[in-house]
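Novice: Please see the structure below; I have some questions.
Every number here is computed from the coordinates shown, using simple stated rules; none is lab data. What you are looking at is a predicted structure, and each value in this text was computed from that prediction instead of being measured. Using ideal geometry, Cβ is built from the backbone for each residue, glycine included, and neighbour counts are taken over all protein chains shown.
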Amino acid sequence: MDQKVDYKSTLNLPDTPFPMRGDLAKREPNWVAEWQQRKLYEKIREKSKGRPKFILHDGPPYANAAIHIGHAVNKILKDVVVKSKQLAGYDAVYVPGWDCHGMPIEIFVEKNHGKNLPPEKLMSLARAHAESQVELQKADFIRLGVLGDWDHPYKTMNFATEAAEIRALGGILGRGYIYRGLKPVNWCFDCQSALAEAEVEYEDKTSITIDVGFPIVDDGERDKLAKAFGLTNLPDGPTFAVIWTTTPWTIPANQALNVHPEFDYALVATSRGHLVLAKERVDECLKTYNLEGKVVAIAKGLALERIAFRHPFYDRVSPVFLGEYVTLDTGTGIVHSSPAYGVDDFNSCKRYGMTNDEILNPVMGNGQYASTLPLFGGLNIWKAQPEIVKTIEAAGALFQTSNFKHSYPHCWRHKTPTVFRTTAQWFIGMDLKAKDEDKTLRELALAAIDATNFYPAWGKARLHSMIAHRPDWCISRQRKWGTPIPFFLHKETGELHPRTAELLEQVAQRVEKEGIEVWQRITVEELLGAEAAHYDKINDTLDVWLDSGATFRTVMAATPALAKPSNDGKPAQADLYLEGSDQHRGWFHSSLLVSCALDGRAPYESLLTHGFTVDAQGRKMSKSLGNTVVPQKISDTLGAEILRLWAGLTDYSGELSISDEILKRVVESYRRIRNTLRFLLANTADFDATKDALPVEDWLEIDRYALLLTTELQKKVLDHYEKFEFQPGMQAIQNFCSEDLGGFYLDILKDRLYTTGTQSRSRRAAQSALHHILQSLTKLIAPVLSFTAEEIWATISPSGPDGPESVFLHQYHALPPIRDAEMLGARYTRLKAIRSIATATIEGAREQKLVGSSLQAEIDLAVGEADMKLLQSFGDDLKFLFITSAATVSAGATHEPVVLVKPSTHSKCERCWHYRADVGSNTEHPTICGRCVSNLFGEGEKRFYA
RNA sequence: UGCCGCUUAGCUCAGGAGUAGAGCAGUCGGUUGAUAACCGACAGGCCGCUGGUGCGAAUCCAGCAGCGGCGACCA
């Protein structure tokens, strides 16, 4: 053996086709395509038959425009939940859905094809547009690695769903919750429709404010006013009740003035006559009016009741009504009341006996004054405001005008200011009781909230207070692209047709076949025959929030895959609804009300909420700030896997911040996890668990300890997953890879894996442990790092005739039990403490250039009695634990171990790199040590601990 | 304006009355048999601010600030 021997080739070095770099952006689309081609979702369903179902019912995104980061977060979290439940042994079904009716699509169609299209034309264009948007978003969702029944998603515009919604409407009506009422409702002039609470958002708006004087009507009223102020006569000259408003456009509809019964009102003498103002507001008002004034008399608001003033420019009387809602914060303490355009105004006027017919409503649905309105007919109300101010001024009634910035309701679709407008609408009454219920709908909903689990817990208080305070739900819309409210009203009485339930079913059957468009074609005669002459057909549509709010019934209960067995005759609840926190007033809310109206309980057992995405500074994402992060771009550069890991590593209960730096950190985390898994793969490449695995009892001690750490990790992570806490789970995995594996077990293990006999017990024991760790970790990361887990799985279990196997067809790994867990934990906890002292000391020696690699060092550990016993118990294997060439133990003077490091004086074994006295002891192999000779040609070294 | 939540190292997050923690990033070094990887050491924090109760507060209490959310009839 004179020739140089290639000992390196005798080592068992890592070997794997699994690349170090994921090349995610490029390779992910292949996985996605493969999942689709192999019908993975269906295979999982097949395999899970008979297991308990876990239903995460998808909240339908609105079918409009490409997805943004918020959509991505939501879908990824849903996917992580579903997969974690699937791996936990459930049949975790996921049927994605889309919200397809409603304004944005209708607006889109109007923009592109013009207004005033024939209804059926509009609807077919809307349907086609919605369909295209569903496809667009679907592709983006699939690209994120989300598994679901993408071939059979639900759409609220499916004929069957539309029909089911009409039946649900019938159900709610049948239970007695629906009524028609004349009320002020939120109104958007751009929608030309009523809006629900959830469709209104507050934005800053600058309004024109005016202070307007309403002159006292006549001598009779002057006397009453004098009396109210305890005067015998009202002083001569003009007398005004002065009001302040931020909505001059409501002045033409003014029909009353409101004062607070308890407040003091002053009669103030000024150069412009006598003014009635709240006493507390006098000084400030006079200042703004630039007037000197003197309080002549004081009266309680109560005394002013029903005294009549005159409208500033119309020949009309405006009486004083009492209102508790009047405040003294701003204004004059007197509020002008236009019952058609304010909730309080409406209520107080009704209380004073005003009939519906008496309420003036000169503003049309499009925001213009009716042509019949004197002075301003045909004008847009916002544009008319300066004119109104001028008119008031010309009438000598204007005391002040200025601009005022305040928070004001806006349409969340159009972003334009909304108003309250009194119209006849259909409502679901919050405080109504069904015939067989002793609780009101509101009470039912509150009780249902109590019975629901919230993640995080504060969601409960939030939804509770919303439901407790919300007004009745206005469910009718004056639009076309929506589920019709197919009612017939009696022309004289305004009553619903007595056979409404039956008629609804007839319409539902038609809709089931022809879609909601059919309502446009159905004539009154067709359904009512001879009665037709007495009935009007309603053309309102339903609020889209009812579409999505009813999906637990129209979709979940109607889709066999989503239906869980029910034990009480009512459809089973979903296990979970998971949406952004804005859905407390959206889908969580509407679903709760519809479900309580129909079934008297919530449609879900648990609610999970996540926050919104913000940038690194915590600012909201907005196009104008230029801080938006586009999911498609991340998928195409870093890979969707990075976005998934970002979601998994972020505490989603608050805001989720994302930025380039944050993503960079996520990429680092990804590499760490990926490379650890790669090492496990590479060192078990020649290991066939079915043939080579050793029972735990035959492993070396440190292998059992590694198994113990893995068992603890898996338990911890699964406990977190159970509570939908992915961030701490993923962080634990990351730490496990760095600390327990990279920094300890794997580092120590390399010598044994590489140098001992390929099939030796020592090596097979290590591989047995690595096998279990790999199995466990791969499945633990799979919910979040789905692509990577699948790639690992394909490496572990190569393709069968059916293509590569999927990790998602499996469950979390069942780790073998460990008998001596407690003892192992104690031993190695102390060992690691001693080890960190040793590594620090070796580092010191390295700095002094005494040693380079730790294998150049020999250490002596001077320790106390207990530690001595511990360390000696490792016998000859002790050095392996410290990755030194030798490790001895001696009695130390102190309790704390003292480590002595010296460079080895022996030669370095060419093969195992240990410095040993027996290098060259075998003359046939002069450059390697006795240990290597034995491992290569003899019985192999005996190891028991490491 | 009211209520709720958050505020700990450059980043993501733990901890929760008793001498500040992890991972990643940074710096330095080792290794070159996980190599665009791996190992080690080091450095880095008035634990948002101000008070209070404790022997002792990042931790409990009060107030304030910033950020976020929700609510609000400002006619």
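Novice: Across every pair of different alpha-carbon atoms, what Kirkwood hydrodynamic radius in Å does chain A reach? It would help to have the intermediate numbers written out before the result.
Specialist: Numbers: mean 1/r = 0.0296 Å⁻¹.
Taking the inverse mean of 1/r over all distinct Cα pairs, chain A comes out at 33.8 Å.
Novice: Compute the whole-percent fraction of alpha carbon pairs in segment A:27-93 spaced more than 21 Å apart.
Specialist: On the way: 836 of 2211 pairs.
Here the long-distance tail beyond 21 Å is 38 percent of all Cα pairs in segment A:27-93.
Novice: Tell me, A:Y202, A:Y154 in order of fewest to most beta-carbon neighbours within 10 Å? Walk me through the numbers before you get to the answer.
Specialist: On the way: A:Y202 11, A:Y154 25.
Sorted ascending by nearby Cβ count, the order is A:Y202, A:Y154.
Novice: Using only the Cα atoms of segment A:813-931, construct the convex hull and provide its projected area averaged over every direction, in square nanometres to one decimal.
Specialist: Details: hull surface 39.8 nm².
Over all viewing directions, segment A:813-931 projects a mean Cα-hull area of 9.9 nm².
Novice: With a ≥ b ≥ c taken as the square roots of the eigenvalues of the C-alpha gyration tensor of segment A:320-402, please select rounded if a/c is under 1.5 and otherwise prolate if a/b is larger than b/c or oblate if it is not? Write down the numbers at each step before the final one.
Specialist: Values: a/c = 2.11, a/b = 1.17, b/c = 1.81.
Since a/c reaches 1.5 but b/c is at least a/b, the shape of segment A:320-402 is classed as oblate.
Novice: Using a Förster distance of 25 angstrom, determine the FRET efficiency expected from the C-beta separation of A:A160 and A:R38, and round it to 0.05.
Specialist: Working: r = 29 Å, r/R0 = 1.15.
With R0 = 25 Å, the Cβ-Cβ based efficiency is 0.30.
Novice: Moving to a separate point now. Select from A:G429, A:P312, A:A693 the residue farthest towards the positive end of the dipole of chain A; place +1 on Cβ of Lys and Arg, -1 on Cβ of Asp and Glu, and compute about the Cα centre.
Specialist: A:A693
Novice: Suppose we keep just the DSSP beta bridges with both residues in chain A; what percent of those would be antiparallel, to 5? Intermediate results must be reported in sequence, preceding the final value.
Specialist: Numbers: 76 of 106 bridges.
Just about 70 percent of them are antiparallel.
Novice: Please report the equivalent ellipsoid semi-axes of segment A:726-812, computed as sqrt(5 x eigenvalue) of the Cα gyration tensor, largest first, in whole Å.
Specialist: Values: eigenvalues 124, 82, 15 Å².
Semi-axis lengths for segment A:726-812 are 25, 20, 9 Å.
Novice: Looking at A:S84, A:H57, A:H68, which one has the Cα that reaches farthest to the positive end of the dipole of segment A:26-84 (charges on Cβ: Lys, Arg +1; Asp, Glu -1)?
Specialist: With unit charges placed on the Cβ atoms, the residue in question is A:S84.
Novice: For segment A:560-660, state what percent of all Cα-Cα pairs lands in each successive 10 Å bin, counting from 0 Å until the bin that includes the largest distance.
Specialist: Bins of 10 Å from zero give 13, 33, 26, 20, 9, 0 percent of pairs.
Novice: Can you tell me, using C-alpha contacts under 8 Å and at least 6 residues apart, the relative contact order of chain A as a whole percent? Working shown, then result.
Specialist: On the way: 1714 pairs, mean separation 135.3, N = 946.
Reported relative contact order: 14 percent.
Novice: Another question about this same structure. Between A:A424 and A:D568, what is 0.36 nm times their sequence separation minus the Cα-Cα distance? Round to one decimal in nm. Numbers along the way, then the final one.
Specialist: Details: separation 144, 0.36 × 144 = 51.84 nm, distance 3.84 nm.
Gain on stretching A:A424 to A:D568: 48.0 nm.
Novice: Follow-up. How big is segment A:12-64 on each of its three principal axes, counting only the C-alpha atoms and giving the largest first in Å?
Specialist: 48, 37, 20
Novice: Would you mind calculating the relative contact order of segment A:292-378 from Cα pairs under 8 angstrom and at least 6 residues apart, reporting the percent as a whole number? Each step should come with its number before you reach the end.
Specialist: Numbers: 66 pairs, mean separation 12.2, N = 87.
Computed over segment A:292-378, the figure is 14 percent.
Novice: Further question on the same structure: To the nearest 20 Debye, how big is the dipole of chain A about its Cα centre, given +1 on the beta carbon of each Lys and Arg and -1 on that of each Asp and Glu? All intermediate terms of the calculation are to be shown ahead of the outcome.
Specialist: Values: 108 positive and 120 negative charges, 211 e Å.
Rounded to the nearest 20 debye, it is 1020 debye.
Novice: May I ask for the distance between the Cα centers of segment A:242-257 and segment A:796-865, given as a whole number of Å?
Specialist: About 79 Å separates the Cα centre of segment A:242-257 from the one of segment A:796-865.
Novice: In whole Å, what are the Cα extents of segment A:502-570 along the three principal axes, biggest one first?
Specialist: 47, 24, 20
Novice: Also, I was wondering about something else. Would you work out the Kirkwood radius for segment A:57-187? I mean one over the mean of 1/r across all pairs of different Cα atoms, in Å. The partial results should precede the final answer.
Specialist: On the way: mean 1/r = 0.0585 Å⁻¹.
Computed over Cα pairs of segment A:57-187, the Kirkwood hydrodynamic radius comes out at 17.1 Å.
Novice: Let me ask something else about it. Determine, from the Cβ-Cβ distance of A:V295 and A:Y179 and an R0 of 45 Å, the FRET efficiency 1/(1 + (r/R0)^6), rounded to the nearest 0.05. Provide the component values of the computation, followed by the final result.
Specialist: On the way: r = 48 Å, r/R0 = 1.08.
Taking R0 as 45 Å, the efficiency between A:V295 and A:Y179 is 0.40.
Novice: So, by mean Cβ neighbours within 10 angstrom, what's the order for A:23-30, A:702-709, A:503-510, A:891-898 with the highest one leading? Spell out each step's value before the answer.
Specialist: Numbers: A:23-30: 15.2, A:702-709: 24.2, A:503-510: 18.6, A:891-898: 12.9.
Per-residue mean Cβ counts within 10 Å order the peptides as A:702-709, A:503-510, A:23-30, A:891-898.
Novice: Moving on. Calculate I(q)/I(0) for segment A:353-505 by the Debye formula, one identical point scatterer on each C-alpha and no solvent, and give its log10 at q = 0.18 Å⁻¹ to two decimals.
Specialist: Once normalised to I(0) and log-transformed, intensities are -1.33.
Novice: Follow-up. How large is Rg over Rh for segment A:435-491, taking Rg from the Cα atoms and Rh as the Kirkwood inverse mean of 1/r across Cα pairs? Display every interim value, and only then the final one.
Specialist: Working: Rg = 16.4 Å, Rh = 14.4 Å.
In segment A:435-491, Rg relative to Rh is 1.13.
Novice: Taking only the alpha-carbon positions of segment A:138-222 and ignoring solvent, what does the Debye formula give for the base-10 log of I(q)/I(0) at q = 0.18, 0.21 Å⁻¹?
Specialist: Ignoring solvent entirely, the Cα scatterers give -1.09, -1.14.
Novice: Here's something else I'd like to know. Apply the Karplus parameterisation 6.51 cos²θ - 1.76 cosθ + 1.60, with θ equal to phi minus 60°, to every residue of segment A:812-827 and state each ³J(HN,Hα) to the nearest whole Hz, in sequence, with x for glycine and proline.
Specialist: With the stated coefficients, segment A:812-827 comes to 3, 5, 8, 7, x, x, 10, 6, 9, 4, 4, 4, 4, x, 5, 4 Hz.
Novice: Taking the DSSP beta bridges in segment A:825-930 as the whole, what percent of them are antiparallel, to the nearest 5? Don't jump to the answer; show the numbers that get you there.
Specialist: Numbers: 8 of 14 bridges.
Taking every DSSP beta bridge within segment A:825-930, about 55 percent pair in antiparallel fashion.
Novice: Quick one: length gained pulling A:N112 to A:E201 fully straight, 0.36 nm per residue minus the C-alpha distance? Spell out each step's value before the answer.
Specialist: Numbers: separation 89, 0.36 × 89 = 32.04 nm, distance 2.63 nm.
That pair, A:N112 and A:E201, stretches by 29.4 nm at full extension.
Novice: To continue, here is another question. Roughly how tilted is helix A:500-514, in degrees to the nearest 10 and between 0 and 90, from the longest Cα axis of chain A?
Specialist: Computed tilt is about 50 degrees.
Novice: Show that you can apply the helix-only estimate: for chain A, add -39,500 (n - 2.57) for every DSSP H stretch of four or more residues, divide by all residues, and state [θ] at 222 nm to the nearest 500.
Specialist: Working: 30 runs with 366 residues, N = 946.
Per the formula, -12000 deg cm²/dmol.
Novice: Please give the contour-minus-distance gain from A:K832 to A:D264: 0.36 nm per residue of separation, less the Cα-Cα distance, rounded to one decimal in nm. Show your work: numbers first, answer last.
Specialist: Working: separation 568, 0.36 × 568 = 204.48 nm, distance 7.97 nm.
Gain on extension, A:K832 to A:D264, equals 196.5 nm.
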